[in-house]
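Here is the structure we will look at.
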Amino acid sequence: MATVQVNGQLVEAEVGEMLIAATDRAGVYIPRFCYHEKLSIAANCRMCLVEVGHAPEPLPAAGGERKTYARDELRLAPKPLPACATPVSDNMVVFTRSQLAREAQQGTLEFLLINHPLDCPVCDQGGECPLQDQAMGYGSDDSRYLERKRSVASHDIGPLIATEMTRCIHCTRCVRFGEEVAGLMELGMPGRGEHAYIGTFLNRAVDSEVSGNMIDLCPVGALTSKPYRFAARSWELENHRGISPHDCVGANLTIQTLRGRVERVLPYENPRVNECWLADRDRYSYEAVNSERRLGAPMVKTQGEWKEVAWEVALQRACDGIKAALQTGGGDNLGALAGYASTLEEYFLLQKLVRALGGNHIDHRLQQSDFRDDAVAPVFPASEMPIEQFDRLRAALLVGSNIRKEQPLLALRLRAATRENGAHISSINPLAYAQNFEVETAITAGADMVAHLAAVASDIAAVRPDVVLPDGIEQWLKAPTVQPQPGIARSLLEAGADGAVIIGAPAQQHGDAGVIKAIAQWICETTGARLAVLPPGNSAAAWWAGCLPHRGPGGVALSDTDAGLDAAAMLAQPRRAYLLLATDPELDAIDGRAAFEAMKRAEFVVQISAYRSDAAMECADVLLPMAAFTESAGHFLNCEGRVQRAEVAAKPLGESRPAWKILRVLGNFLDLPGFDYVSLEAVNDDIPHHAHDGGASARMREWSIPAPRIAPTDTDPIGGGDSLLRLPDLPMYRGDQTVRHAPALQKTADNPPPAAHLNRATIDRLGLTAGDQVKVQNGAGSASLPLRADERVPGDCVYVPAGYAQTARLGGHCRVTLEKIR
């Protein structure tokens, strides 16, 4: 440590630490444009120039009596130095407001303003612009520059970011963010001198899933939010705390409203969760709140026609329909399904209502097909590592995880681990996903994920003669496609507790997901690595609230006789009535065809939803409008077990109401006891408290390797040698109702039109041509789709994304055939 005197104040700092970081910690402000604590040092704006010298004698420790030195007593640097690139050394004396420093800062700002346009009245950055602020503090009231200003063309770089590049001061924050943090260098600075400019390569769009952070980083108005453009001024907006419902991180949000309308979402800095970043999904999904597809009033279907009605009429119709379905068979005739983005309180009330009616058929796991580990599963899918420790890993194995698109903020931390720790990352995935960090060993497994993971376990046992492979794993080692991968085993063994096995959505959707989790747990127990099962959305809260057929709130297990049907069984064995919470089963379920058929066969369907979907209008009987995520308070439980509260940011649209209130009143209409809640806090008091301790358990209590449920060698159910295994991966902007109704997100590269994706070798083998229109069918359903060449897809597989109406009737993981449409 070193003692530095800054403007007479003694400050303690680490030797080698940059001076600007030490002064920030001490509360001494130094102006800057290019410096940002999360980015590398560029020192190209020169706004942070300060006067630096060294004392002739050791300085006292911080907090001691300071001493004033005459200038001729100091060894002064011959010129001002940039605080962002000047490392701290002992006995350093710094002047940030001396005449020399002030003149240097004022001269720098004058040069930066030479070409900057005077368009503050029409700039969205106005009122929150560092350049404006520093021009007031360090600028002049006139300009000595009389020559013609330079102008720079602004190109369209996509639906999310608006550009006015004449305002750019070449701080390169956006360039460094893409290269260092996002892992996708989409912006660069070609040209030299006054011909230099910031732009994309070959005028391409900016497609990163975290691109919106460039807007926050831009210290001028060169990059602004395109959906927010000209919507409001920063001083007009009111701030509200929110939590992202779209993934298991639970990013902290600042939701900004103008006259009750949500206009913008920004990150709320939380170093333990999302740092200062947001995924584009969290930043722009608020657009759905103002969508034309919002459901603003209760609706009932009468003789095939939808009509808006009063709340009392809709609730009474819902109660009558549910009671009629329960007359014979009781609660066994009712099924309840929930989406992944509801709050803890909403999940709790849904399961309480169903169980008060005598049923236990309730589930939220619409993307899951293997439920054999239910009895031994932890209280909720979780990460044994706190989120803030992901960037400290030295090794990680991704199993069925497209973490970059599923959990973008965790992918940023993994990238930091590879850059700062040299972490060894490996993957076993059904598709060759493009990650934003270096993957040392990437296995494209198709349907053989289990076999390849078993091979890793076998390699670990080969290195560790003191351990024995668990029973049942040998059957997976016989797959002909499996090759030994000793590098993966070695990296996990060497990393120990600094290693992790991360299980993502494709693994949890797999027909043998229970086998994957069992083998992964054995690997973690053997190597000392930590297990992270990353569930979609607010799924951890659904588990804790008891929105499951086999468990009540707090993870209390039900007896086998009391347990209800899981989501897949509820769709395969349709109920007479369904109660749906914030979900369109046809689009959200892994088997959309089964979901659609179950809803059509049901006698009565009540849907609590914020949006009107085509499937709901076709299958439902009553639509109850719920408030959007910005219009309702509630709690979220993230993957590390951290409970976070979201506030109400805006008044619910029209006649819509928070879902917890709808469920509470529905319970009153059904004459059920225990539904007399008067506040959200009263509901929360009834839910068992979860104590966050920095990491939750992801381990199964007792486990064994289950028998194969869907082996790669299964008999082709269609027949014929040209059938392919469909991989129904879910694109990141199709995962819940909110993102599906956000216009800007739907226009991005991460939401391409649905297509059938094959690698070129398979296309040639089938005698097809990329660009053909093909009929994808599996006997009971079909879809007409364009054919795309995609080298991410392994042989014997076709990637047809889920979450689209065009592909929903194909079913889940199944064998399909392709036929060219003439």
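May I ask you to list pairs of residues, at least six apart or on different chains, whose Cβ atoms are under 6 Å apart, with the first in the stretch 657-673 being in contact (Cβ under 8 Å) with a residue 60 or more places away in the chain and the second being open to solvent by 20 Å² or more (accessible area, probe 1.4 Å) and of a type in the set (Gly, Ala, Ser)?
Note: pairs meeting the criteria are Leu672/Ala356.
Is it the case that the stretch 353-369 has a residue that's more than 30 Å from Tyr578 (Cβ to Cβ), in contact (Cβ under 8 Å) with a residue 40 or more places away in the chain and not acidic (Asp, Glu)?
no
Does Ala417 meet the test of being surrounded by 19 or more Cβ atoms within 10 Å (Cβ to Cβ), of a type in the set (A, V, I, L, M) and in contact with a Ser or Thr (Cβ under 8 Å, 6 or more places away or on another chain)?
Criteria not met by Ala417.
Return the residue satisfying two criteria in turn: it lies in the stretch 778-792 and is open to solvent by less than 10 Å² (accessible area, probe 1.4 Å) and touching a Pro at 6+ places or on another chain (Cβ under 9 Å), and of such residues it is modelled with the lowest pLDDT.
Filtering the stretch 778-792 for residues that are open to solvent by less than 10 Å² (accessible area, probe 1.4 Å) and touching a Pro at 6+ places or on another chain (Cβ under 9 Å), the one modelled with the lowest pLDDT comes out as Ala783.
Condition first: within 30 Å of Ala744 (Cα to Cα), under 35 Å from the mean Cα position of the chain (by Cα) and polar (S, T, N, Q). Can you find one or more residues in the stretch 136-153 that meet it?
Within the stretch 136-153, none of the residues are within 30 Å of Ala744 (Cα to Cα), under 35 Å from the mean Cα position of the chain (by Cα) and polar (S, T, N, Q).
Between Gln483, Gln508, which is part of a loop (DSSP other than H, G, I, E, B), open to solvent by 10 Å² or more (accessible area, probe 1.4 Å) and either closer than 29 Å to Cys814 by Cβ or of a type in the set (Gly, Ala, Ser) (or both)?
Gln483
Going through Leu81, Leu118 one at a time, which residue ends up being modelled with pLDDT of 90 or more and aliphatic (A, V, I, L, M)?
Sole residue among the options that is modelled with pLDDT of 90 or more and aliphatic (A, V, I, L, M): Leu81.
Could you please let me know if Thr163 is under 29 Å from Lys405 (Cβ atoms), surrounded by fewer than 21 Cβ atoms within 10 Å (Cβ to Cβ) and of a type in the set (Val, Ile, Thr)?
No, not satisfied.
For residues that are surrounded by fewer than 19 Cβ atoms within 10 Å (Cβ to Cβ) and of a type in the set (Lys, Arg), scanning just the stretch 32-74, find the one that is nearest to Glu180 (Cα to Cα).
Among those residues, the one meeting the criterion is Lys38.
Quickly run through the stretch 563-586 and pick out the residues that are surrounded by fewer than 21 Cβ atoms within 10 Å (Cβ to Cβ) and among the hydrophobic types (A, V, I, L, M, F, W, C).
Within the stretch 563-586, Ala563, Ala569, Ala572 qualify.
Quick check, is Ala616 in a loop (DSSP other than H, G, I, E, B) and open to solvent by less than 10 Å² (accessible area, probe 1.4 Å)?
no
Mind listing just one residue for me: the one in the stretch 587-604 that is in a helix (DSSP H, G or I) and open to solvent by 20 Å² or more (accessible area, probe 1.4 Å) and, of those, nearest to Leu730 (Cα to Cα)?
Among them, the one singled out is Leu587.
Step by step: first the residues of the stretch 525-572, then only those that are assigned to a loop (DSSP other than H, G, I, E, B) and among the aliphatic types (A, V, I, L, M), then the one that is nearest to the chain's Cα centre (by Cα). Which residue is that?
Step by step, filter the stretch 525-572, then rank; the result is Leu534.
Could you check how many residues of the stretch 333-342 are in a loop (DSSP other than H, G, I, E, B) and open to solvent by less than 10 Å² (accessible area, probe 1.4 Å)?
2
Quickly run through the stretch 753-771 and pick out the residues that are at negative phi and either open to solvent by less than 60 Å² (accessible area, probe 1.4 Å) or of a type in the set (Asp, Glu) (or both).
Pro754, Ala755, Ala756, His757, Leu758, Asn759, Thr762, Ile763, Asp764, Leu766, Leu768, Ala770
Out of the residues in the stretch 271-308 meeting the condition of being open to solvent by 30 Å² or more (accessible area, probe 1.4 Å), out of contact with any strand residue (DSSP E or B) (no Cβ under 8 Å at 6 or more places or on another chain) and in a loop (DSSP other than H, G, I, E, B), tell me which one is farthest from Gln644 (Cα to Cα).
My answer is Gln303.
The values are calculated or read from the model by the stated rules, or taken from the named source; none is laboratory data. Owing to the predicted nature of the structure, the values given are computational and were not obtained by experimental measurement. Neighbour counts run over all protein chains shown; Cβ positions are idealised from the backbone, glycine included. Ligands, DNA and RNA are stripped out before the accessible areas are found, and what is left, the full protein with its side chains, is counted by its heavy atoms. Shrake-Rupley method; radii C 1.70, N 1.55, O 1.52, S 1.80 Å.
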